[in-house]
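**Student:** One structure follows; several queries about it will come next.
The values are calculated or read from the model by the stated rules, or taken from the named source; none is laboratory data. Just so you know, these numbers come straight off a predicted model, no measurement behind them. Every residue, glycine as well, gets a Cβ built from its backbone with ideal geometry; the counts of neighbours run over all protein chains shown. Protein only, heavy atoms only, side chains kept; ligands, DNA and RNA dropped before computing areas. Shrake-Rupley method; radii C 1.70, N 1.55, O 1.52, S 1.80 Å.
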Amino acid sequence: MKSPLLSLSGAVPAEGVDEGVAAHYGDLFREQRALADGTGFVDLSHRGVVTVTGEDRLSWLHLLLTQHVSDLPAHRATEALILSPHGHIEHALYLVDDGETTWAHVEPGTQEALVAYLESMKFFNRVEVADRTADYALVHQPAGSIADVPGGVVVRETPYGRELFLPRGDLEAYAAGHGPAAGLLAYEALRVEQHRPRLGFETDHRTIPHELGWIATAVHLQKGCYRGQETVARVQNLGKPPRRLVFLHLDGSEVHLPPQGTELRLAADGPEGRKIGFITTSVRHHELGPVALALVKRNVPVDAPLLADSTAAAQETVVEP
């Protein structure tokens, strides 16, 4: 869905999975600094919005998700995953319940598959699942923001800011009264700085929660059965996920950022050495310079200098080996 905020002055459209919103509005670093200072907002209206209503909604979701949600208090934000039978991540949901409806936002384009899966699991539970992407647009207010929240809007409050499920028809009016707008590149730069994984970026077809640190925020280790729990329990008990998420400081003399999927090698082995991982997201940060998230093999030494093609990279540990 194309955001009406692409008509704002200086707006440059994002590409790929994030198509439909602005990558930036003409000044990437100014937009990052504004968000870091708690001002402005980010248009995330391309993300999918799914709701679950009905008196069984929380107990039913509890059976399907990695998170403990059966007693989720109203207005408390949480996040959860849906795993494959083998424990690989299929969906990431960012949830809040308003006392009558459970709201979730998900990666752009994944809402249809998610709704189809949830519908297939309803059985005799008193729940209704709906794709509300056409009706609601997600807006991010950064941490520390003193901007008001329009009346009646469902809010998901997190350590990184507020997420507003705004009626889509109100998006332009909201932007007019809550500027300045910051683009998705600014939001992504802060996400990388905060070491927060993103489905489809830090994940591939075989990613498990332990590799990304999602165990701490999206998985409850004492709850009952859910699909893929056996893998989670086995890795938790053995302590040996095959890969781990790292934060990389990239050589700032390079003109181009290494794109997603760029192979990583040990610097000691040179550019023809054995592949030990790959870049998942690379960004230009207003203070840190070029940085990235990456997945590397668990046994890569935590202090080993790396190469992303020809770009030198220094590691910071996110997930302990």
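**Student:** Suppose we filter Thr217, Thr207 for residues that are surrounded by 18 or more Cβ atoms within 10 Å (Cβ to Cβ) and hydroxyl-bearing (Ser, Thr, Tyr); which single one remains?
**Tutor:** On the way: Thr217 fails: surrounded by 18 or more Cβ atoms within 10 Å (Cβ to Cβ).
Being surrounded by 18 or more Cβ atoms within 10 Å (Cβ to Cβ) and hydroxyl-bearing (Ser, Thr, Tyr) holds for just one of Thr217, Thr207, which is Thr207.
**Student:** Select from segment 271-304 the residues that are outside any loop (DSSP other than H, G, I, E, B) and without any contact (Cβ under 8 Å) to a residue 24 or more places away in the chain and write down the one among them that is farthest from the chain's Cα centre (by Cα). Give the steps one after another, and end with the answer.
**Tutor:** Within segment 271-304, the subset outside any loop (DSSP other than H, G, I, E, B) is 275-285, 289-297.
Next cut, without any contact (Cβ under 8 Å) to a residue 24 or more places away in the chain only: 275, 278.
Values: Lys275: 26, Phe278: 18 Å.
By that ranking, first place goes to Lys275.
**Student:** Yes or no: segment 65-84 includes at least one residue that is of a type in the set (Ser, Thr, Tyr), in contact (Cβ under 8 Å) with a residue 12 or more places away in the chain, part of a strand (DSSP E or B) and in contact with an Asp or Glu (Cβ under 7 Å, 6 or more places away or on another chain). Working first, answer last.
**Tutor:** Going residue by residue through segment 65-84, those that are of a type in the set (Ser, Thr, Tyr) are 66, 70, 78, 84.
Okay, now just the ones that are also in contact (Cβ under 8 Å) with a residue 12 or more places away in the chain, so 66, 70, 78, 84.
Narrowing further to those that are part of a strand (DSSP E or B): 78.
Going one step further and asking which of them are in contact with an Asp or Glu (Cβ under 7 Å, 6 or more places away or on another chain), we end up with none.
Scanning segment 65-84 turns up no residue that is of a type in the set (Ser, Thr, Tyr), in contact (Cβ under 8 Å) with a residue 12 or more places away in the chain, part of a strand (DSSP E or B) and in contact with an Asp or Glu (Cβ under 7 Å, 6 or more places away or on another chain).
**Student:** Considering only residues of segment 204-252 that are out of contact with any Gly (no Cβ under 6 Å at 6 or more places or on another chain), part of a helix (DSSP H, G or I) and of a type in the set (S, T, N, Q), which is nearest to Val302 (Cα to Cα)?
**Tutor:** Gln236
**Student:** Determine the pairs where a residue that is within 21 Å of Arg198 (Cα to Cα), located within segment 218-240, has a partner that is loosely packed, with under 13 Cβ neighbours inside 10 Å with Cβ atoms under 7 Å apart, the partner being 6 or more residues away or on another chain.
**Tutor:** Final answer for the pair search is Arg227/Pro85; Gly228/Pro85; Gly228/His86; Thr231/His86.
**Student:** Does segment 253-270 hold any residues that are assigned to a loop (DSSP other than H, G, I, E, B), of a type outside the set (D, E, K, R) and open to solvent by less than 80 Å² (accessible area, probe 1.4 Å), and which are they? Outline the logic, then answer.
**Tutor:** At the first step, the residues of segment 253-270 found to be assigned to a loop (DSSP other than H, G, I, E, B) are 253-262, 270.
Subsequent filtering for residues that are of a type outside the set (D, E, K, R) retains 253, 255-262, 270.
Result: Leu257, Pro258, Gly261, Thr262, Gly270.
**Student:** Please verify whether segment 46-59 includes one or more residues that are touching a His at 6+ places or on another chain (Cβ under 6 Å) and either in a loop (DSSP other than H, G, I, E, B) or of a type outside the set (Val, Ile, Thr) (or both). Please lay out each step first, then the result.
**Tutor:** Here is the first cut: in segment 46-59, the ones touching a His at 6+ places or on another chain (Cβ under 6 Å) are 47, 49.
Those still in the list that are either in a loop (DSSP other than H, G, I, E, B) or of a type outside the set (Val, Ile, Thr) (or both) too: 47.
Yes; the residues of segment 46-59 include at least one that is touching a His at 6+ places or on another chain (Cβ under 6 Å) and either in a loop (DSSP other than H, G, I, E, B) or of a type outside the set (Val, Ile, Thr) (or both).
**Student:** How many residues are under 19 Å from the mean Cα position of the chain (by Cα) and either at pLDDT below 95 or open to solvent by 20 Å² or more (accessible area, probe 1.4 Å) (or both) when one looks only at segment 14-45?
**Tutor:** We begin by selecting, within segment 14-45, every residue under 19 Å from the mean Cα position of the chain (by Cα); these are 14-24, 32, 35-36, 41-45.
If we keep only those that are either at pLDDT below 95 or open to solvent by 20 Å² or more (accessible area, probe 1.4 Å) (or both) too, we end up with 15-17, 19, 24, 36.
Qualifying residue count, segment 14-45: 6.
**Student:** Quick check on Ala134: is it within 21 Å of the chain's Cα centre (by Cα), open to solvent by 60 Å² or more (accessible area, probe 1.4 Å) and among the small types (Gly, Ala, Ser)? If you could, list the steps in order and put the result at the bottom.
**Tutor:** On the way: within 21 Å of the chain's Cα centre (by Cα): yes; open to solvent by 60 Å² or more (accessible area, probe 1.4 Å): yes; among the small types (Gly, Ala, Ser): yes.
Yes; evaluated as a whole, the condition is true for this residue.
**Student:** Another one. Quick check on my filter: what residues within segment 289-318 are open to solvent by less than 10 Å² (accessible area, probe 1.4 Å) and among the small types (Gly, Ala, Ser)?
**Tutor:** Ala292, Ala294, Ala308, Ala313
**Student:** Any idea which of Thr78, Thr102, Thr158, Thr110 is within 22 Å of the chain's Cα centre (by Cα) and open to solvent by less than 10 Å² (accessible area, probe 1.4 Å)?
**Tutor:** Numbers: Thr78 fails: open to solvent by less than 10 Å² (accessible area, probe 1.4 Å); Thr158 fails: open to solvent by less than 10 Å² (accessible area, probe 1.4 Å); Thr110 fails: open to solvent by less than 10 Å² (accessible area, probe 1.4 Å).
Matching residue, one of Thr78, Thr102, Thr158, Thr110: Thr102.
**Student:** Select from segment 46-75 the residues that are among the acidic types (Asp, Glu) and either in contact with a Cys (Cβ under 7 Å, 6 or more places away or on another chain) or open to solvent by 50 Å² or more (accessible area, probe 1.4 Å) (or both) and list them in ascending order. Quick ask: steps written out before the conclusion?
**Tutor:** The first filter runs over segment 46-75 and keeps only residues among the acidic types (Asp, Glu), leaving 55-56, 71.
Residues satisfying the conditions are Glu55, Asp71.
**Student:** Checking Gly179 against (1) at pLDDT below 95; (2) surrounded by 16 or more Cβ atoms within 10 Å (Cβ to Cβ), which single condition isn't satisfied?
**Tutor:** The failed condition is (2).
**Student:** Here is a list of conditions, (1) open to solvent by 20 Å² or more (accessible area, probe 1.4 Å); (2) closer than 19 Å to His285 by Cβ, and Ala11 meets all of them except one; can you say which number that is?
**Tutor:** Result: Ala11 passes all but (2).
**Student:** Go through (1) assigned to a loop (DSSP other than H, G, I, E, B); (2) outside the structural domain of Gln141 (by the TED database) one by one and return the number of the condition His62 breaks.
**Tutor:** Of (1) assigned to a loop (DSSP other than H, G, I, E, B); (2) outside the structural domain of Gln141 (by the TED database), only one is false for His62: (1).
**Student:** For Leu166, which of the numbered conditions (1) open to solvent by 20 Å² or more (accessible area, probe 1.4 Å); (2) more than 18 Å from the chain's Cα centre (by Cα) fails to hold?
**Tutor:** Here Leu166 clears every test but (1).
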